[in-house]
Amino acid sequence: MRMSRLVALFLPLLAEIQAVMCSYSEDQCTWRGSGLSQQHDSVEQVWLRCAEGSVDWLYPAGALRLTLSPRLPWGLLGAGGAGSAVLSVCVKPSEQFGGAQLYLERDGVLQLLLGDDAENSIAPKVHCFSTTPGERPALFLQATPHQDISRRVAAFRYELRGDWPPRLSISSDALGSEGACRPCNNTEILMAVCTSDFVVRGNIRAVESDPALSASVIKVAATRVFRQKSDLFSGGGRLTRFGEFRTPVQCGVRPGAGSFLFTGHAHFGQAWLGCAPRYKDFQRAYTLAKQNQEMPCELDAV
């Protein structure tokens, strides 16, 4: 009778251990595992094959070495292919990140990206870095000793990109730089139309602030969505969809009348503004490029 009761008590724990001992998702974008299956002085090797995904390490013990070797679309690799690509890598910790420290491993040297402390739960901060052509970036998760590891989970999301457009340069605090505030020239506008995660015609409804990211939040009523990644712009009526994107606060964006063409990139589910010319200026540049057969791609119903 006592043995049956003990088995009944331990079965849920065994089931949980088996559940968290799995490694990859089927697409090798996501890794989920547990320190309960590791020796405390061991280093488990993990390969992540996608341009974006997540890592969840329950009950951290020992260490993980995460090699980022994504199969990026050809358009993100540059003209020379994977060997010549400059990758931008960003990681965003979960609000409950704990039990480990996260390092960037480069040429055998570890650089601390994220500590095991309470500040992560206040406002998870995105950490970004760039790699040199041919370099294979790796992240190193080192468990920190705790008497109680039952509530410790070292979890974060990651993104890798080929060359980010210069106007969307990545800093450790947020996307954007001083260069992101200047108007785009015609060449940059047309390239943004072809390479952005979203291309939207619309009007500015309001501009708010996001102090955590030092960013302005621009709320937009989209009258035409030419292209978008995920559902960045949705809802509204039959002819209008609503969405928002961010831009560095130093750009001083203010609400203004008129129709614009908004382009940019998605970053951890948020839209960040790239080029945003007035729609009539974009039409002029687009028509001229088509006449001169210099348009790198087609945009329907301009």
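The values are calculated or read from the model by the stated rules, or taken from the named source; none is laboratory data. Computed from a predicted structure; not experimentally measured. With ideal geometry, Cβ positions are generated from the backbone for all residues, glycine too; neighbour counts draw on all protein chains shown.
For segment 252-294, residues that are within 29 Å of the chain's Cα centre (by Cα), modelled with pLDDT under 90 and among the polar types (S, T, N, Q) total 1.
For every residue, the table says whether it meets (1) at pLDDT 80 or above; (2) of a type in the set (F, W, Y); (3) part of a loop (DSSP other than H, G, I, E, B); (4) outside the structural domain of F245 (by TED's automatic domain parsing).
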{"site": "P133", "(1), (2), (3), (4)": "no, no, yes, yes"}
{"site": "S150", "(1), (2), (3), (4)": "no, no, yes, yes"}
{"site": "G179", "(1), (2), (3), (4)": "no, no, no, no"}
{"site": "I189", "(1), (2), (3), (4)": "yes, no, no, no"}
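Looking at F282, F268, can you tell me which residue is more than 26 Å from H127 (Cα to Cα), in contact with a strand residue (DSSP E or B) (Cβ under 7 Å, 6 or more places away or on another chain) and of a type in the set (F, W, Y)? Being more than 26 Å from H127 (Cα to Cα), in contact with a strand residue (DSSP E or B) (Cβ under 7 Å, 6 or more places away or on another chain) and of a type in the set (F, W, Y) holds for just one of F282, F268, which is F282. Can you pull out every residue in segment 52-72 that is within 21 Å of R136 (Cβ to Cβ) and either among the aliphatic types (A, V, I, L, M) or not assigned by TED's automatic domain parsing to the domain that holds Q38 (or both)? Listed by number, the residues that qualify are V55, A63, L64, L66, L68, L72. Scanning segment 258-302 for residues that are aromatic (F, W, Y) and part of a loop (DSSP other than H, G, I, E, B) yields a total of 1.
Every condition in (1) over 23 Å from S88 (Cβ atoms); (2) of a type outside the set (F, W, Y); (3) out of contact with any helix residue (DSSP H, G or I) (no Cβ under 8 Å at 6 or more places or on another chain); (4) touching a residue at least 60 places away in the same chain (Cβ under 8 Å) holds for A285 except the one numbered (3).
Against the numbered list (1) under 23 Å from the mean Cα position of the chain (by Cα); (2) at pLDDT below 80; (3) of a type outside the set (A, V, I, L, M, F, W, C), E208 comes up short only at (2).
Pick from segment 233-251 the residues that are of a type in the set (G, A, S) and farther than 11 Å from V200 by Cβ: which of them is modelled with the lowest pLDDT? Only one residue fits best here, namely G237. Residue count for segment 191-237 under the criterion of being outside any strand (DSSP E or B) and among the β-branched types (V, I, T): the result is 2.
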